[in-house]
Amino acid sequence: MICLHVSLLDGAPYLWSELAGGEAPKVGTTDLSGDPPWYPYDPGGACLQKAIKPVLPGFRVNKQNTLPVTLWLPSRGSRPVRSFLRYDDEVDRRYKIRIKPWRTMARPLDTEELIWLCSIAEAQNGRGEKIVLGSSVTWIGAVWTCVLDIVVGENFLPGVAEGEKGQEARWIPMPDNEQEAKIRKLGDSMPGICRCLTLAGEKPPRYSPLETAKNLVARMTDHLVRESAGNAKDRKPEEGEKGFPSIHDAWIHALTSQDPVIEGPAAAVPEFKNQVDQWQRKLVLVRRSPFQFCLRLHEPDTEAPKEKEPLWKVEYLVRPKADPTLQVPLSRLWDPESPGSRELQKYGPDVREYLYTVLGQAARICPPIAESLESKDPGGFHADNEGILDFLNESAEKLAQAGFTLMLPSWWVNKAPGQKPRVKVKVKTTPGESPGGFSLDSLFQFNYRFCYEGEELSLEELEELARLKSPLVRLRGQWTYISEEGIKAAIDFLRRQKEGALSGREVLKMSLGEEGEIGGFPIEGIETDGWLKKVLDKLKRGEKIEVKNPPEGLNGELRPYQRRGYSWLDFMQKTGLGACLADDMGLGKTIQTLALIQKKREEGEERPFLLICPTSVVNNWKREAEKFTPRLDVLVHHGSDRRKKERFQKEAARHAMVLSSYGLLTRDIDFLREVSWAGIVLDEAQNIRNHETKRARASRAVPADCRIALTGTPVENHVGDLWSIMDFLNPGLLGNYSYFRANFHRPIQVWKDQEAASRLKKITAPFILRRLKTDRSVITDLPEKIETREYCNLTREQVSLYKAVLDEVEEKIESSEGMERKGLILSTLTRLKQICNHPAQYAKEENSVPERSGKQSRLFEMLHEIRERGERSLVFTQYAEMGRMLQQSLVEEFMEDVFYICGSTPRKRRDEMVRLFQEDRDAPHIFILSLKAGGTGLNLSRANHVFHYDRWWNPAVENQATDRAFRIGQKKNVLVHKFVVVGTLEERIDGMIESKSEIAEQVLGKGEAGLTELSNDEIKNLIKLGKEAAGD
């Protein structure tokens, strides 16, 4: 892997790289010129270009666009310390860390390229490639977000600044107070690697982090505004022209051109710069002053006689930016010796110059302020209703845009001008109806009342407000703003229509707090009664759902939390709503779902359920159904000889459940959608998170009364993925995707809008049930150790190799005897187990991509889920070469180190890895161990997942390995995952172990050598390839 860094020099970005994986190279050497030594972790331009191509297509790194630079980096002795420190890096602790110069090749970036790189970091597109993005890139992404905020807020000015080729036209950022604070925080949080670069190696860089951050903000702001202004296509004066008509025209041209240099007479440009600086001075003074000018609106005195016209007051205040709680009325500052003046002088000496400047600016924006300045020692102004409305509508926003702080009543700030009355909806249900009558498309009759600020308004009160002919009214003792047009519209609406109809979908959204409208009026809330109220209350408070008894046909016991989950699924199904069961891995989503399907059959449901899952777990579901619900007839729709069209429809109707994969859902959707399904269940529902994929569209196209999504990942944390899953479960609940993107996805993901996030959670929470192993209501129900089988399929490549080995040894077994036969059987078992692990292990290849192995694909799926929750895993294999391949693949997949111990690992390194895994917060989350080297003598209790990737046929050896995690000091429940490839020797030997029969004890007690004592027919039956082994 290669780690990319961006360092800054006077705001200019330089890209360089370092090796973040592999063996540590030799230390660089100083050449005879006396330059610093070459950075030993520089991967070289060719290697960098090859690795970066998939991540940044079109980006070029070559000799022509790179130059030598000096990096000032922490070093120990003669070796630099890598930023991406590996667990196996040898640290020479005899030397203290010192900053030393190292030479490397760097690629200067223009601003467009830098923004491109930041967008890759934001989208995490480097995941799975051979590139990892350093902390400097993430930090620059945060700077870019700040710049976007500055430009969107139009907080910039055109100016003139000294450049490399002379005076240049620049767009200069003028951040407001909040943005200025963000820039200071960015300076404080800047990674040291951002300012480690110089072009020469004589002295280390001395510029401050804040200075570096401000230079980058200035550079990015200029680029973004210049691009937004629409480049002037670099028009130059044509031949024969003396130049631009004026220096001002040359400046305007340079502000929108790729070339910022101002073309003009040598003497005229400096003179023009002085004029621009003078023009900017007053605004710069306001923005960079340590003070803020505030205007606070006071409501009329409630004790004033009603017959008198109410008077509003706008008061002028000054406060220091460093202490916004100190607010001094302007009327107290005209005397320089007053306590208020002396207090403000602590924060800056130019308070009086600031006051004269800001009052002059405010007066040009707001006429009442200009009139107030005619009085002695002005401290504000008064206005009647009409005057204050002019101030609020005409001047307030302009003053805020100019940088003034306004303190206005909440009824104006929180309510948009022109606010209409809101509607309270009362839904009527018919007595005697039941929750079974509810669906998203049901129609419900309703009536409504208008209200404002939560207070209901009768028709008579609305008519009284209309007679006042003023939007500023005192409503039940409180001043507020209601538009005259809104009041008249509400009166007209009430006179025309007093009742209406809503769909179940709309009722559901309103009850969960989603914003909506009726007749153009925003909805305040919804009231329900009868059975509908009970249903909606249960949805919003799921813990009140009645806990049901398990179905009679369930062959197993549901733990208390599983009974609650099964009962919740049953309630959601009967209510006609889709449900997402998102329990933590190992909590039994499978048995809860099977219990529901069994219950539906016992209640008389004759139509089948369709269960879609990844190919890697089809056999898991089949085995679990055989174990827990043996009365359910299960059809596996899988393989090239699967039934299709009418034949499939007839066969499906004879079964309680049809199992199939996402791949076949897409391929066979034309006839799957023709079946009358009782329900559709999506296991690992994160597979449809991209709503534009064929599988997502196909899942939504299957008609079914009941819709269930199962996932172990916290779907509520992935805003962009949530719409697809929720639209599968309850179509239209979150609106169409464009609505969802505009109202939830972008506000939450881009603008970090907490109010939007809260609304989304409120709407979706009733349809998601997620319990964690750490929940108090769950952890007391769980055993300390949970063992599960993960049944996997073979890929086509694995099937072909497995068959080839069987064909090769079939005749040899018949003709061989004695030691030759034993050797043949043992070598055959080894070869077949290697094929089940990965074709690359069998063929002794380096290419161990997960897609070539059903087992490895399933391992990666599970590790992603575990890694996302921040938990740690041990992976045991009996083959050292398989351990090395897994380590390499996992490092590339997760972009982090993976520990590995085998028989050749030195004791010192082994002990260090164990210590780091147990104690270090930043240690890798995955630890691979060979069964013999890591099976005994280690304490790895920080892991709570144990994977047996390939099986050791002596259970005692496996149990010893499991005990590396399940031992004293373990504070979590341990999940043990034993991988078994169906239809192969792995499944049959696993069956022998589980049966605990006398023959199993005799044979497997001796390990694999005991299998050589079986007869030829028994051996052939043991290793044969079953039809169910093949995947899609």
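The values are calculated or read from the model by the stated rules, or taken from the named source; none is laboratory data. Being a predicted model, the structure only gives us computed values, none of them experimental. Quick reminder, even Gly has a Cβ in these numbers, built from the backbone with ideal geometry, and neighbours come from all protein chains shown.
Return the total of residues in the stretch 149-165 being part of a helix (DSSP H, G or I) and surrounded by 14 or more Cβ atoms within 10 Å (Cβ to Cβ). Residues that pass the stated criteria total 3.
Every condition in (1) farther than 30 Å from Arg741 by Cβ; (2) at pLDDT 95 or above is met by Ile680 except one, and the failing one is (1). If you go through the stretch 643-659 and keep only what is without any contact (Cβ under 8 Å) to a residue 60 or more places away in the chain and touching a strand residue (DSSP E or B) at 6+ places or on another chain (Cβ under 9 Å), you end up with Arg643, Phe648, Glu651, Ala652, Arg654, His655, Ala656, Val658, Leu659.
Restricting the first member to the stretch 902-930 and to residues that are within 23 Å of Met882 (Cβ to Cβ), and the second to residues that are in a helix (DSSP H, G or I) and of a type in the set (Phe, Trp, Tyr), the beta-carbon pairs closer than 7 Å and six or more apart or on different chains are Ala923/Phe917; Phe927/Phe917.
Just name the residue that is nearest to Leu632 (Cα to Cα) out of those in the stretch 646-662 that are of a type in the set (Ser, Thr, Tyr) and touching a Lys or Arg at 6+ places or on another chain (Cβ under 9 Å).
Once the filter is applied, the top-ranked residue is Ser660.
Of all the listed residues (Arg689, Arg707, Arg695), the sole one being within 15 Å of the chain's Cα centre (by Cα) and crowded, with 16+ Cβ neighbours inside 10 Å is Arg689.
Here the stretch 537-575 is the region considered, the condition is being within 30 Å of the chain's Cα centre (by Cα) and among the aliphatic types (A, V, I, L, M), and the residue that is surrounded by the fewest Cβ atoms within 10 Å (Cβ to Cβ) is Leu539. Based on what the data block shows, is Asn690 over 28 Å from Arg564 (Cβ atoms), touching a residue at least 12 places away in the same chain (Cβ under 8 Å) and in contact with a strand residue (DSSP E or B) (Cβ under 7 Å, 6 or more places away or on another chain)? So Asn690 fails the test. Filter the stretch 652-664 down to the residues that are surrounded by 16 or more Cβ atoms within 10 Å (Cβ to Cβ) and either in a helix (DSSP H, G or I) or not polar (S, T, N, Q) (or both) and list them by number. Within the stretch 652-664, Ala652, His655, Ala656, Met657, Val658, Leu659, Tyr662, Gly663, Leu664 meet the criteria. Only a single item in (1) within 34 Å of the chain's Cα centre (by Cα); (2) surrounded by fewer than 24 Cβ atoms within 10 Å (Cβ to Cβ) is not met by Val618, and it is number (2).
The criterion of being closer than 28 Å to Pro209 by Cβ and at pLDDT 75 or above does not hold for Leu85.
The numbered conditions (1) farther than 22 Å from Leu109 by Cβ; (2) out of contact with any helix residue (DSSP H, G or I) (no Cβ under 6 Å at 6 or more places or on another chain); (3) among the aliphatic types (A, V, I, L, M) are all true for Ala200 except (1). Of the residues examined, Thr984 is not one that is touching an Asp or Glu at 6+ places or on another chain (Cβ under 7 Å), under 21 Å from Thr830 (Cβ atoms) and surrounded by 23 or more Cβ atoms within 10 Å (Cβ to Cβ).
At least 1 residues being surrounded by fewer than 15 Cβ atoms within 10 Å (Cβ to Cβ) is the threshold, and among the helices (runs of 4 or more DSSP H) wholly inside the stretch 440-512 those reaching it are 459-468, 484-496.
Scanning the stretch 624-642 for residues that are out of contact with any strand residue (DSSP E or B) (no Cβ under 6 Å at 6 or more places or on another chain) and part of a helix (DSSP H, G or I) turns up Glu624, Glu626, Lys627, Phe628. Only helices (runs of 4 or more DSSP H) whose full extent lies in the stretch 835-901 are considered here, and the ones with at least 3 residues that are closer than 29 Å to Gly134 by Cβ and not hydrophobic (A, V, I, L, M, F, W, C) are 854-868, 880-894.
Restricting Leu635, Leu587 to residues that are surrounded by 23 or more Cβ atoms within 10 Å (Cβ to Cβ) and under 29 Å from Ser857 (Cβ atoms) narrows the list to Leu587.
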